[in-house]
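Single-structure report; data block below.
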Amino acid sequence: MIRIGVLVSGSGSNLQSIMDACAAGEIDGTVVMVISNVEGVYALERAERGGIPSRVISHADYPDREAFDAELAKALLECRVDLVCLAGFMRVLTPSFLRTFPGRVMNIHPALLPSFPGLHVRQKAIDYGVRFSGCTVHFVDEGVDTGPIIIQAVVPVYPQDTEEELKERILRLEHRIYPKAIGLFSQGRLSIDGRRVVVRGLAKDETACLINPPLGL
Ligand code: GRF
């Protein structure tokens, strides 16, 4: 049973999917603490409804990143977390924070990394004209959206898509793959080998593919 700390800044729909997967036994673990760097966000209400302790630690109250991250790390260590999950947490973590939880910080990003790191990535994918985008769960390293990839999901992108439509299409899959990644971690099935994450029990499927527009068009 792993102890999970979730860092949020917004609506917390991914937090909800993690809490639900813990309750359903799909993750062998429990969310023991939710920390938001922003007051009043809906994620905090979700935590309260789920009976999960939460705190607001506002980056604005600290002189620099080091001081803010030290406070975050202290709060998470006090709760004895095994895994830190970033779920819409809009801050870049310092190397010293990451050294406190080596190989134990995950993030979800709404694009197929390494394409489209950073912000506003759904619109960037539409503007680029890619036929597929998706979402990525990865371990966090010192870069922005650069850490070893655990799981990805793919959705089609259409030229007429609005940013909102693509966001919703991707978000539905985020809610499936983030709990899956955490579930694999909770079962001890993930190991990091340089840039690669090895998933114990993963078999190859030589026939799996997605084509957009479809060949039958
Ligand atoms: C998600 O799109 C996630 O990929 C990105 O931030 C968003 C958070 O949404 N990192 P929510 O707060 O989980 O609803």
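The values are calculated or read from the model by the stated rules, or taken from the named source; none is laboratory data. Computed from a predicted structure; not experimentally measured. So basically every Cβ, Gly included, is an ideal-geometry build from the backbone, and we count neighbours across all protein chains shown.
Here is a check on your reading of the model: is Val121 touching a helix residue (DSSP H, G or I) at 6+ places or on another chain (Cβ under 6 Å) and more than 23 Å from Leu202 (Cα to Cα)? So Val121 fails the test. Out of all the residues in segment 13-39, which are away from the ligand (no atom under 16 Å from the Cβ), not in a strand (DSSP E or B) and not aliphatic (A, V, I, L, M)? Once the filter is applied, which keeps residues that are away from the ligand (no atom under 16 Å from the Cβ), not in a strand (DSSP E or B) and not aliphatic (A, V, I, L, M), segment 13-39 yields Gly25, Glu26, Asp28. Among the residues of segment 196-217, just one is over 21 Å from Thr136 (Cβ atoms) and in contact (Cβ under 8 Å) with a residue 12 or more places away in the chain, namely Pro213. The test for being more than 12 Å from the ligand (Cβ to nearest atom), closer than 24 Å to Ser13 by Cα and not hydrophobic (A, V, I, L, M, F, W, C) holds for Asp141. Being within 16 Å of the ligand (Cβ to nearest atom), out of contact with any Gly (no Cβ under 7 Å at 6 or more places or on another chain) and either at pLDDT 95 or above or closer than 19 Å to His175 by Cα (or both) narrows it down to one of Leu7, Leu72, so name that one. After ruling out the rest, the residue left standing is Leu7.
For every residue, the table says whether it meets (1) over 12 Å from Ile182 (Cα atoms); (2) surrounded by fewer than 16 Cβ atoms within 10 Å (Cβ to Cβ); (3) in contact with a strand residue (DSSP E or B) (Cβ under 9 Å, 6 or more places away or on another chain).
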{"residue": "Arg3", "(1), (2), (3)": "no, yes, yes"}
{"residue": "Gly10", "(1), (2), (3)": "yes, no, yes"}
{"residue": "Met19", "(1), (2), (3)": "no, no, yes"}
{"residue": "Ala24", "(1), (2), (3)": "yes, yes, no"}
{"residue": "Thr30", "(1), (2), (3)": "no, yes, yes"}
{"residue": "Met33", "(1), (2), (3)": "yes, no, yes"}
{"residue": "Ser36", "(1), (2), (3)": "yes, no, yes"}
{"residue": "Gly50", "(1), (2), (3)": "yes, no, yes"}
{"residue": "Pro53", "(1), (2), (3)": "yes, yes, yes"}
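Restricted to segment 68-123, and to residues there that are surrounded by fewer than 13 Cβ atoms within 10 Å (Cβ to Cβ) and of a type in the set (Gly, Ala, Ser), the residue that is farthest from Thr146 (Cα to Cα) is Ser96.
For segment 47-62, state whether one or more residues are part of a strand (DSSP E or B), polar (S, T, N, Q) and either modelled with pLDDT of 95 or more or under 18 Å from Thr94 (Cα atoms) (or both). Checked segment 47-62: at least one residue is part of a strand (DSSP E or B), polar (S, T, N, Q) and either modelled with pLDDT of 95 or more or under 18 Å from Thr94 (Cα atoms) (or both).
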